[in-house]
Amino acid sequence: MMARVLIVGGRVIDPASGLDAVVDIAIDGGRLAAIGERLDRPRDAWVIDAEGLVVAPGLIDPHVHLREPGGEHKETIASGSRAAVSGGFTSVCCMPNTTPPLDSADVLALVRERARTAQCRVFPVACATRGRLGHEPVDFGSLVHEGAVAFSDDGDGIQDAGVMARVLRLVGQTGRAFMQHCQIASLTRGASMHAGEVALRLGLVGWAREGEELMIERDVRLNRAVGCRYHVQHVSSAGSVEIVRRARDEGQPVTCEASPHHLTLTHEACEGFDANAKMNPPLRERSDVEALRQGVHDGTITVLATDHAPHAVQDKEGDFEGAAFGIVGLESALALYREALIDSGAIDWPRLIAMMTIEPARLCGLEGLGRLRPGGAADITLIDPDLEWTLTRDELAGRSANTPFLGRRLRGRALATIVGGQVRMARGERLASLGRA
């Protein structure tokens, strides 16, 4: 029988309702039973003293790569979900660039079945075209029926404008969002990092901003007559932020997300041919980082997403140009967002929590999640906003460790992750008071 839990004395931030106050939360039977001051303490309740902590709706990441099926040596649904709860995430949306790709109801059903025993909630994002080849749209209706929360060919942008127009129309009919990996292949072929002075110094082919920006511009124009919910993944360029800003000002249903590495690092991280800093899209210049932070500040960027992309050690070894793109990010995301956005003064804690809860829930149609509501799901994250810690290999719960942030001193961390009323992660002496009332 599921125990009752009482969280007392924490700063409860629920952006969906506007709540930001020191109150208690009662959980019973996997549901959130009550929110209020000095709630009664039943004798059989487990009590968590949350004084000094932020108590938030369970964090949601709408962009992760769990690699299953086909890439289990890098990550699995089980290991990726452990990484998620370690970072404070109660829900993640997994991308479709698997082997086979998530382009049929059968493969989606396989992912959903394996996700039944995951540590957090796992929602599949399905392919937009068959095989992610960019030619033939999938059967959107069957994939929605099988649980697809959004559509994307993530890892590749849809190159053909005619196919893109058709995809926007068909996805728009489902009410789901289309998530675009914005990359024009002909402009980025052979490129392995941002086109700037570092690439020139290292003798590497540069990846120009236009490879991202022109696809967004094209899609926004195509979507004007369609009105599909269009979402830009892992935005990296100042020009991209401006294009999205103009589209939103025009009233178009356009959103975009920023990732921790694009908010904190520049192309200088690639010095020394460090393949752990090789990203897609690439790390750019300080002016781009500042433009992304401004985009968060003014509401152009509404969602934060890690683009958690695990790779085996050998995938990042060898020459820089041949190394895989990507970074693991679930465990370190919260602290890096704090560094980039709160410490810089771009936003405050309530807005940060919104961008990691109710905003991704709205994007992916995760009804009832991303909020704290009596009778609703008891998905809760407890955060120590000031805890200082160092990211080491031992702190990574997933199968891979491809990140340039290893050894970095961080501030702010999830201390407990509760999914459906069950404590899936609790750490440190801060929760030593966890016990019977």
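A short reminder: the numbers here are calculations on the coordinates, not readings from a lab. Please read these numbers as outputs of a predicted model, since none were measured by experiment. Don't worry about glycine lacking a Cβ; one is built from the backbone with ideal geometry, like all the others, and counts go over all protein chains shown.
Can you give me the three principal axis dimensions of region 54-110 from its C-alpha atoms, in Å, biggest first?
If we take the Cα atoms of region 54-110, the spans are 40, 23, 15 Å.
How big is D, in µm² s⁻¹, for region 208-349 by Stokes-Einstein at 20 °C and 1.002 mPa s if Rh is the Kirkwood radius over C-alpha pairs?
On the way: Rh = 15.8 Å.
It comes out at roughly 136 µm²/s.
Tell me, which longest segment in the chain has none of the trypsin sites (Lys or Arg not before Pro) that fall in DSSP loops with at most 15 further Cβ atoms within 10 Å?
The segment 225-437 is the longest one with no such site.
Please identify every one of the GluC sites (Glu not before Pro) in region 39-143 that sits in a loop by DSSP and has no more than 16 other beta carbons within 10 Å of its own beta carbon.
Passing sites in region 39-143 are GLU51, GLU72.
Between GLU367 and HIS297, what length comes free when the chain is fully extended (0.36 nm per residue of separation minus the Cα-Cα distance, one decimal in nm)?
Separation in residues times 0.36 nm, less the Cα-Cα distance, equals 22.6 nm.
Please give the helix 286-297 orientation as an angle from the longest Cα principal axis of the chain, in degrees from 0 to 90, rounded to the nearest 10.
With both axes taken from Cα atoms, the answer is about 50 degrees.
Loop only per DSSP, at most 14 neighbouring Cβ atoms within 10 Å: give me the GluC sites (Glu not before Pro) in region 314-349, ordered by residue number.
Working: sites: GLU317, GLU321, GLU331, GLU339; in loops: GLU317, GLU321, GLU331.
In loop regions of region 314-349 (DSSP not H, G, I, E or B), the sparsely surrounded GluC sites (Glu not before Pro) are GLU317.
Give the percent of DSSP beta bridges with both residues in the chain that are antiparallel, rounded to the nearest 5.
So the antiparallel bridges in the chain amount to around 50 percent.
Based on C-alpha coordinates, I'd like the Rg and Dmax of region 129-250, in Å.
15.4, 51
I need the Debye-formula profile for region 145-198: one equal scatterer per C-alpha, no solvent, reported as log10 I(q)/I(0) at q = 0.18, 0.22 1/Å, two decimals.
Once normalised to I(0) and log-transformed, intensities are -0.69, -0.88.
Once the mean 1/r over all distinct Cα pairs of region 22-181 is inverted, what Kirkwood radius in angstroms do you read off? Don't skip to the end; give the middle numbers.
On the way: mean 1/r = 0.0570 Å⁻¹.
One over the average 1/r among Cα pairs gives 17.5 Å for region 22-181.
How high is the relative contact order of the chain? Use alpha-carbon pairs under 8 Å, at least six apart in sequence, and give a whole percent.
Computed value for the chain: 21 percent relative contact order.
Just to be sure I understand the model, the point goes 7 Å from the Cα along the line to the Cβ. What's the resulting ARG114 to ARG409 distance in nm?
In this crude spin-label approximation the distance works out to 4.0 nm.
Give the angle, between 0 and 90 degrees and rounded to the nearest 10, that separates the Cα long axis of helix 210-223 from the longest principal axis of the Cα atoms of the chain.
Orientation of helix 210-223: about 80 degrees from the principal axis.
Which whole-angstrom value gives the distance between the alpha carbon centres of region 130-192 and region 385-405?
32
Run the dipole for the chain about the Cα centre, Lys and Arg Cβ at +1, Asp and Glu Cβ at -1, nothing else charged, and hand back the magnitude in debye, nearest 20.
Dipole of the chain, to the nearest 20 debye: 860 debye.
Hey, what does the equivalent ellipsoid look like for region 341-426, semi-axes from the Cα gyration tensor as sqrt of 5 times each eigenvalue, largest first, whole Å?
So the equivalent ellipsoid measures 25, 18, 13 Å along its semi-axes.
Quick one: divide the alpha-carbon radius of gyration of region 283-437 by 2.2 N^0.38 Å and tell me what you get. Kindly include the intermediate steps, with their values, before the conclusion.
On the way: Rg = 17.3 Å, N = 155, 2.2 N^0.38 = 15.0 Å.
With N residues counted in region 283-437, Rg over 2.2 N^0.38 Å equals 1.16.
Extent of region 98-164 along each principal axis, from alpha carbon coordinates, in Å, largest to smallest?
Extents along the principal axes, in whole Å: 40, 22, 18.
Using only Cα atoms, tell me the angle between helix 161-174 and the longest principal axis of the chain; keep it within 0 to 90° and round to the nearest 10.
Result, in degrees: 20.
Measuring from centroid to centroid over Cα atoms, what is the spacing of region 1-39 and region 64-94 in Å?
27
Rounded to the nearest 20 debye, what is the charge dipole size of region 230-378 about its Cα centre when +1 sits on each Lys and Arg Cβ and -1 on each Asp and Glu Cβ?
Details: 13 positive and 22 negative charges, 142 e Å.
Computed charge dipole of region 230-378: roughly 680 debye.
If you build the convex hull over the alpha carbons only and average its shadow over all orientations, what do you get for the chain? Give it in nm² to one decimal.
19.2
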